[in-house]
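**Q** Just dropping this structure here.
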Amino acid sequence: MAVDRADVAVIVIDATVGFTEQDSKVAGYAHEKGKACIIAVNKWDAVEKNTNTMHEFEQKLKDDFSFMSYAPFVFISAVTGQRIDKLFEMITFVANQNAMRIPTGRLNDVLAYATSRVQPPSDKGRRLKIYYMTQPSTKPPTFVMFVNRAELFHFSYQRYIENCLRETFGFKGTPIRIVI
């Protein structure tokens, strides 16, 4: 499949049709494979617009693509060439985000700040201790966290750590893998 060979998957949505099941399948596959993704809304020139049209359409797509909240949207027209240059700029940007490597020292500074803001979870008097975090690979950015008890690491706390990494380093357009 082409997604397997790609560095960046551009998921093209027809603005006159909207989100389809096929779009969902392709996006889900790209997400599972750890590909950087952009959602391009094509035929934007054919849509009747008012002042809120783009915002409303984007909100609807954010709901449809809730599993890929990191993916940016670009509204384009292949016929007129509208915003095609912006699409290519975004492709380069998310490819770089997907290949970004963060030094272990900086990662652990972010981890220390995150755990001081929100304490790690505990269960029956045992508290999760996160010793350190490192990034062994890119494409997608993958982080390994060394902890005392992996079973105490709740998925919601993992999402919190992921959000802290995104706040600090960006990672726009790319999924993040966290290994405990």
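**Q** What is the sum of charges around A150, taking Lys and Arg as +1, Asp and Glu as -1, for the other residues whose C-beta is under 13 Å from the C-beta of A150?
**A** +1
**Q** Express the accessible area of the chain per residue in Å², computed with a 1.4 Å probe while the remaining protein chains stay in the model.
**A** With all protein chains present, the chain gives 55 Å² per residue.
**Q** Of the residues E89, E58, E21, which exhibits the maximal mean-square fluctuation in a Gaussian network model of the chain defined by a 10 Å Cα contact cut-off?
**A** E21
**Q** Suppose the chain between Q22 and R5 were pulled fully straight at 0.36 nm per residue; how much longer would it get relative to their current alpha carbon spacing?
**A** In short, 4.2 nm is gained.
**Q** What share of Cα pairs, in percent, lie more than 17 angstrom apart in segment 127-180? List each step's numbers first, then the result.
**A** Numbers: 459 of 1431 pairs.
So the portion of pairs separated by more than 17 Å is 32 percent.
**Q** To check my understanding: the extent here is largest minus smallest coordinate of the Cα atoms along each principal axis. What are those three numbers for segment 76-130, in Å, largest first?
**A** 63, 25, 15
**Q** While we're here: Report, by chain and number, residues whose modeled amide H sits under 5 Å from the one on I13, excluding near sequence neighbours (fewer than 5 apart, same chain).
**A** A40, V41, N42
**Q** Output ³J(HN,Hα) for segment 134-145: one whole-Hz value per residue in order, computed from phi by the Karplus curve 6.51 cos²θ - 1.76 cosθ + 1.60 with θ = phi - 60°, and x for Gly and Pro.
**A** Along segment 134-145, the couplings run 9, 10, x, 8, 10, 6, x, x, 10, 10, 10, 10 Hz.
**Q** How large is ³J(HN,Hα) for each residue in segment 155-160, as worked out from phi by the Karplus curve 6.51 cos²θ - 1.76 cosθ + 1.60 (θ = phi - 60°), to whole Hz, x for Gly and Pro?
**A** Computed from phi, the couplings for segment 155-160 are 4, 5, 6, 5, 5, 4 Hz.
**Q** First measure r as the distance between the Cβ atoms of K62 and D109, then evaluate 1/(1 + (r/R0)^6) with R0 = 22 Å and state the FRET efficiency to the nearest 0.05.
**A** Working from the Cβ atoms, E equals 0.10.
**Q** Could I ask something else about it? Within the chain, what percent of beta bridges assigned by DSSP are antiparallel, to the nearest 5?
**A** Details: 7 of 20 bridges.
Bridges in the chain that DSSP calls antiparallel: roughly 35 percent.
**Q** Separate question: Please give, to one decimal in nm, the separation of the simple spin-label points placed at E48 and K124, each 7 Å out from Cα toward the Cβ.
**A** 6.2 nm
**Q** Name the residues whose placed amide hydrogens come within less than 5 Å of the amide hydrogen of F143, ignoring near sequence neighbours (fewer than 5 apart) on the same chain.
**A** The answer is R177, I178, V179.
**Q** Rounded to the nearest 20 debye, what is the charge dipole size of the chain about its Cα centre when +1 sits on each Lys and Arg Cβ and -1 on each Asp and Glu Cβ?
**A** Using Cβ point charges on Lys, Arg, Asp and Glu, the chain gives about 900 debye.
**Q** Between their Cα atoms, which of K25/K62; K60/K86; K35/K60; K43/K86 are more than 19 Å away from each other?
**A** From K25/K62; K60/K86; K35/K60; K43/K86, over 19 Å: K60/K86; K35/K60.
**Q** Same structure, new question: May I ask you to evaluate 6.51 cos²θ - 1.76 cosθ + 1.60, the Karplus curve with θ = phi - 60°, for each residue of segment 68-74 and list the ³J(HN,Hα) values in order in whole Hz, giving x for glycine and proline?
**A** 10, 4, 7, 7, x, 10, 10
The values are calculated or read from the model by the stated rules, or taken from the named source; none is laboratory data. Note that the coordinates shown come from a computational prediction; the quantities given were computed from them, not determined experimentally. All Cβ positions, glycine included, derive from the backbone under ideal geometry; neighbour counts span all protein chains shown. Remember, those area values only see protein heavy atoms, side chains included, never the ligands or the DNA or RNA. Shrake-Rupley method; radii C 1.70, N 1.55, O 1.52, S 1.80 Å.
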